[in-house]
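> Below: one structure in structure tokens.
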Amino acid sequence: MIIGGLQKCTLVDFPERVACIVFTQGCNLRCPFCHNPKLWSMECGSPIGEDIFFTFLESRKGLLDGAVISGGEPTLHGDLGSFLGKIHDLGFATKLDTNGLLPDVLAKLLDDGLVDFVAMDLKHTFSSYGRACGVEVPVEAVEKSLKLLRESTIDYELRTTVVPTIHSLDDVAALLPIVSGVPRFTLQAFAPAAAADPKLRTQKPFTVEQLESLREIFEPVVGKFTVR
Ligand code: SF4
């Protein structure tokens, strides 16, 4: 595991848990609105050693009860399963943030009981998926990951980062049949200042009020609808 960053505490990224966040190095997408392009490469100038992370985690027993594995894209790492297993062995719950491009990896993690919660990106409607990813995307992979989550017994969330140059509010509304029946669906406005694509840094994001205007269509069909 190549760890590019560590956030020592979050109250908002793992539902009902106080958690830390591990940011893994490397991503297979190039989303123009990505706010962490430093994590795109597998190379990291000064990675945090696993031993340092696990020493930290042991010291937080009783203070934290979960760990979020985010990125980058964590499923690119062949040792993700053993990393999650070690976190479980220390008594912490695990949450995986993923773009869903590697469903076979996700399937194995679910089969092995190594993830307690998954947050998966839903970048766009499936017919326009590549517009939000910066690269060509095998959209069937995302569909397969979503099917795995639907068939699993764990809690999960789909989340869409909304960018006015990439999504219209009608595009977002068109996600309705994809998200129907999921336990949690979140819309988040992109953060212009940190966007990977310099052209987006002067783009005004949708307001919370504009995204909230979609609540009436999503709230009846998902377990919990959130705008942030
Ligand atoms: S926003 Fe896109 S490019 Fe950035 S880490 Fe997530 S999947 Fe990768």
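The values are calculated or read from the model by the stated rules, or taken from the named source; none is laboratory data. Since the structure is predicted, the reported quantities are computational estimates derived from the model, not experimental observations. Glycine gets a Cβ as well: all are built from the backbone with ideal geometry, and neighbour counts include every protein chain shown. The protein model used for the area step is the full one, side chains on, heavy atoms only, and it has no ligands, DNA or RNA in it. Shrake-Rupley method; radii C 1.70, N 1.55, O 1.52, S 1.80 Å.
> If the requirement is being in contact with a Ser or Thr (Cβ under 7 Å, 6 or more places away or on another chain) and either over 24 Å from VAL139 (Cα atoms) or not in a loop (DSSP other than H, G, I, E, B) (or both), which of these qualifies: PHE23, PHE56, PHE83? Show your work before the answer.
Values: PHE56 fails: in contact with a Ser or Thr (Cβ under 7 Å, 6 or more places away or on another chain); PHE83 fails: in contact with a Ser or Thr (Cβ under 7 Å, 6 or more places away or on another chain).
One residue alone meets the criteria, PHE23.
> Restricting attention to segment 1-35, which residues are open to solvent by 60 Å² or more (accessible area, probe 1.4 Å) and farther than 22 Å from ASP155 by Cα?
GLN7, LYS8, ARG30, HIS35 - these are the residues of segment 1-35 that are open to solvent by 60 Å² or more (accessible area, probe 1.4 Å) and farther than 22 Å from ASP155 by Cα.
> For segment 109-129, what are the residues that are within 16 Å of the ligand (Cβ to nearest atom) and buried (at least 17 other Cβ atoms within 10 Å of the Cβ)? Show your work before the answer.
The initial filter retains those residues of segment 109-129 that are within 16 Å of the ligand (Cβ to nearest atom), namely 118-124, 128-129.
Passing the criteria: VAL118, ALA119, MET120, ASP121, LEU122, LYS123, HIS124, TYR129.
> For GLY45, work out the one condition from (1) small (Gly, Ala, Ser); (2) at pLDDT 95 or above; (3) more than 30 Å from THR165 (Cα to Cα); (4) not in a helix (DSSP H, G or I) it doesn't fulfil.
Against the list (1) small (Gly, Ala, Ser); (2) at pLDDT 95 or above; (3) more than 30 Å from THR165 (Cα to Cα); (4) not in a helix (DSSP H, G or I), GLY45 comes up short only on (2).
> Please count how many residues of segment 199-226 are open to solvent by less than 70 Å² (accessible area, probe 1.4 Å), free of Cβ contacts under 8 Å to residues at least 40 places away in the same chain and touching a helix residue (DSSP H, G or I) at 6+ places or on another chain (Cβ under 8 Å). Give the derivation first.
Kept after step one, since they are open to solvent by less than 70 Å² (accessible area, probe 1.4 Å), are these residues of segment 199-226: 200, 203, 205-207, 211-215, 217-218, 221-223, 225-226.
Filter again for free of Cβ contacts under 8 Å to residues at least 40 places away in the same chain, leaving 207, 212, 215.
Within this subset, residues satisfying the condition of being touching a helix residue (DSSP H, G or I) at 6+ places or on another chain (Cβ under 8 Å) are none.
Number of matching residues: 0.
> Still on this structure, please answer the following. Mind checking which residues of segment 21-37 are touching a Gly at 6+ places or on another chain (Cβ under 7 Å) and farther than 20 Å from LYS95 by Cα?
Here is the first cut: in segment 21-37, the ones touching a Gly at 6+ places or on another chain (Cβ under 7 Å) are 23-27, 29-32.
Listed by number, the residues that qualify are LEU29, ARG30, CYS31, PRO32.
> Answer yes if at least one residue in segment 134-155 is surrounded by fewer than 21 Cβ atoms within 10 Å (Cβ to Cβ), of a type in the set (Val, Ile, Thr) and more than 16 Å from the ligand (Cβ to nearest atom), and no otherwise.
yes
> Continuing with the same structure: Restricting the search to segment 123-149, which residues are part of a helix (DSSP H, G or I) and more than 18 Å from THR75 (Cβ to Cβ)? I'd like the intermediate steps shown before the answer.
Filtering segment 123-149 for residues part of a helix (DSSP H, G or I) gives 126-132, 139-149.
Across segment 123-149, the qualifying residues are PHE126, SER127, SER128, GLY130, ARG131, ALA132.
Listed here are the residues, each with its yes/no results for (1) polar (S, T, N, Q); (2) under 18 Å from CYS31 (Cβ atoms); (3) touching a Leu at 6+ places or on another chain (Cβ under 8 Å); (4) modelled with pLDDT under 95.
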| position | (1), (2), (3), (4) |
| --- | --- |
| VAL142 | no, yes, yes, no |
| SER168 | yes, yes, no, no |
| LEU175 | no, yes, yes, no |
| VAL182 | no, no, yes, no |
| ALA194 | no, yes, no, yes |
| ARG201 | no, yes, no, no |
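> If you go through segment 94-108 one residue at a time, how many are within 15 Å of the ligand (Cβ to nearest atom), open to solvent by 20 Å² or more (accessible area, probe 1.4 Å) and in a helix (DSSP H, G or I)?
1
> Do we find a residue being crowded, with 16+ Cβ neighbours inside 10 Å and under 18 Å from the mean Cα position of the chain (by Cα) anywhere in segment 86-93?
yes
> State the number of residues belonging to segment 34-78 that are away from the ligand (no atom under 11 Å from the Cβ) and touching an Asp or Glu at 6+ places or on another chain (Cβ under 6 Å).
1
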